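Below is one structure; the comments refer to it alone.
The values are calculated or read from the model by the stated rules, or taken from the named source; none is laboratory data. In this text the structure is predicted, and so the values were computed from the model without any measurement. Here the Cβ positions follow ideal geometry from the backbone for every residue, glycine too, while neighbour counts run over all protein chains shown.
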Amino acid sequence: MEKIYTYYKDIVTAYTRRMDNLNKKIHLLGSLRLLLVVGLFAMIWFFKAESWPVITGIVLLFVIPFILLMVWHTKLYAKKSYAQALVQLATNELKGLEYDFSAFDGAPEKIAADHPFSLDLDLFGPRSLFQSINRTVTYVGKEKLSDWFMNPLTDKGKILARQETVRELESYTQLRQHFYVTGVLQPGSKNDQRSIQLMNESVPCLMNNRVWKLLTVALPVAWLFVFVGCLLSALPWSVAGLFFSLSFIIAYLNSRQITAIHNSLDKMEQILSVYSDLIQCIEKQNFQSAELVSIQRQFVGKKQTASSLIRKLSNQIGALNQRFSAIGMLLNVFTLRDTRMAIKLEQWRVEHGEEVKLWFDALATFDAYSSLATFAFNHPGYIYPEIADSYFQMEGKALGHPLLRRDICVKNDIQIKKSPWFLIITGANMAGKSTYLRTIGINYLLACVGAPVCAESLKLYPAQMVTSLRTSDSLVSNESYFFAELKRLKMIIDRLQRGEKLFIILDEILKGTNSIDKQKGSLALMKQLIANQTCGIIATHDLVLGDLEQSFPEQVKNYRFEADIQEDNLTFSYQLREGVAQNMNACFLMKKMGITI
């Protein structure tokens, strides 16, 4: 981990120094521009008695350097913004290494109580697993990554292919950071995807109109003859005035159609320019893994690359965005510029509209992979799990929770070699049962997503995971806590009876009923789960469930987390041990807090 810390600290140091140097240059250019302005006014005042050619020459002498300094200033400011964003990224990554992920998007809008496991495993929201991993810079990339986590893979070949991709992209650290900074400087929104869809839904109305296509050529040629004729005195200048009026009418006859085309593409110039830059990052690389090569092939065509085509579209939209400026209106009158741009946009949509969805899907996939690769880079001690062929197997050593500080995280093993098989975890309050269940669930999820896991070793079969750790009342649907839990358990049984292969994690079955009823129901549920040939882990305070190992020695194994009470002290080792828990701590804690027992 020291190398990772040092890497990000070096970026902060180097690019902070670069920002300081750029600020000095920007300040110097600002001073030079000010001197040019002052010098220009002084020279005009000094030579005010001279002829117009002399004054014009003086103005050009000062204006041309001023414009060049402005262009230089813009480039320097862009470099400064880039360096600033890179410093911010490295700073945020350093905070992330200390478990502060607040700078990154946790996608709280994705929280769903009815999802098979996301709420129980704190998958989304503040201080969530997704927030710790998410480094996407496009809306489509974020959607892709969240979908990977909500619908993890169950196919061994696909998981191994994704592992291979993450391994390779992990080594492209500078590419990933350049990709991130390029995207974060001009962030998009969820409306971008809808705008792109609307762009392809529009029906062409000008590109097939022969009259307008002819006019885009004929009008500029006619103006050329008018200007030449007037300059040579072959035509009076009044003809130019009349022709201007006629041209104005012609130029805005189809304004309603052009406005419709413009509205379908409005505000897309900048985001398309950013997407072009992002895609260009990918096009230039020499990838080896099948997934990355496939993504790259989506962008590299026979004649033109996707980035160049999208850049052309962005420029055309930019030109149309200037249609109501003074220069834009004049160009439209003299050359029918708006009509020509509208025809080009329609032609672009017809020729490349079908490819846009493929391009942006490939971009989203790369964006999601970039997040997983950064996660792998930031955790060099994590390993890529081995994927088993047969249901069910999950054997691992020293599994830890990725969101627990590495200096206090207690790691534990897991061993499930066959089906049906259940681990019954008993233990006192605060002894570590729930944390252990989430540790297993999160590492299982990471493995099925194709990411590295927090473990010394791990081998598992990628079944579909279902959890029930955090059910709650629902006032909206008029459901009690107990009924919500029953619905969850019913969903599990129904899926098992449909033949689905599941990995089940339950915490304290039937919490919402009395002890005797709970014991009967829990035992009945366990027997039904075993009869359905499934596997999982169940944590409970109810020691009666520990008797199941005697009835089902080939399907059930007891483990425990103990609360160690010595004299007047309560300690927890958080280490998983075999057997049924011996010590409970509720009465001890009540006494310590002054509550009479």
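Structural remarks
- Cβ pairs under 6 Å, 6+ apart, first in region 1-13 and of a type in the set (Ser, Thr, Tyr), second in a helix (DSSP H, G or I): Tyr8/Ala90; Tyr8/Glu93; Tyr8/Leu94
- Considering region 381-420, and only residues there that are more than 27 Å from the chain's Cα centre (by Cα) and among the acidic types (Asp, Glu), the residue that is nearest to Phe130 (Cα to Cα) turns out to be Asp407.
- Filtering region 565-588 to residues that are modelled with pLDDT under 90, exposed (fewer than 14 other Cβ atoms within 10 Å of the Cβ) and part of a strand (DSSP E or B) leaves Gln566, Asn569, Thr571.
- Qualifying residues in region 522-537 (those that are among the small types (Gly, Ala, Ser) and within 26 Å of Leu576 (Cβ to Cβ)) - the one modelled with the lowest pLDDT: Ser522
- Residues that are of a type in the set (Val, Ile, Thr) and without any contact (Cβ under 8 Å) to a residue 24 or more places away in the chain were ranked within region 236-256; the one that is farthest from Thr335 (Cα to Cα) is Val239.
- Any hit, region 97-107, residues being assigned to a loop (DSSP other than H, G, I, E, B), under 30 Å from Leu486 (Cα atoms) and in contact (Cβ under 8 Å) with a residue 12 or more places away in the chain: yes
- Looking only at residues of region 114-141 that are among the aliphatic types (A, V, I, L, M) and in contact with a helix residue (DSSP H, G or I) (Cβ under 9 Å, 6 or more places away or on another chain), we find that the one that is farthest from Lys95 (Cα to Cα) is Val140.
- Considering residues of region 383-398 that are under 15 Å from Ala451 (Cα atoms) and in contact with a strand residue (DSSP E or B) (Cβ under 6 Å, 6 or more places away or on another chain) only, the residue surrounded by the most Cβ atoms within 10 Å (Cβ to Cβ): Pro385
- Residue in region 418-435 that is within 20 Å of Asp155 (Cα to Cα), modelled with pLDDT of 95 or more and either of a type in the set (S, T, N, Q) or assigned by TED's automatic domain parsing to the domain that holds Ile537 (or both) present: no
- Hey, Gln177 over 30 Å from Ser245 (Cα atoms), at pLDDT 95 or above, among the polar types (S, T, N, Q) and within 42 Å of the chain's Cα centre (by Cα) or not: yes
- Condition met for Ile505 (in contact with a helix residue (DSSP H, G or I) (Cβ under 8 Å, 6 or more places away or on another chain), under 18 Å from Gly441 (Cβ atoms), of a type in the set (Val, Ile, Thr) and outside any loop (DSSP other than H, G, I, E, B)): yes
- When region 338-396 is limited to residues that are of a type in the set (S, T, N, Q) and not in a helix (DSSP H, G or I), the one that is farthest from Leu460 (Cα to Cα) turns out to be Ser390.
- All conditions but one from (1) closer than 30 Å to Ala376 by Cα; (2) of a type in the set (Val, Ile, Thr); (3) surrounded by fewer than 16 Cβ atoms within 10 Å (Cβ to Cβ); (4) touching a Phe, Trp or Tyr at 6+ places or on another chain (Cβ under 9 Å) apply to Thr13; the one that does not is (4).
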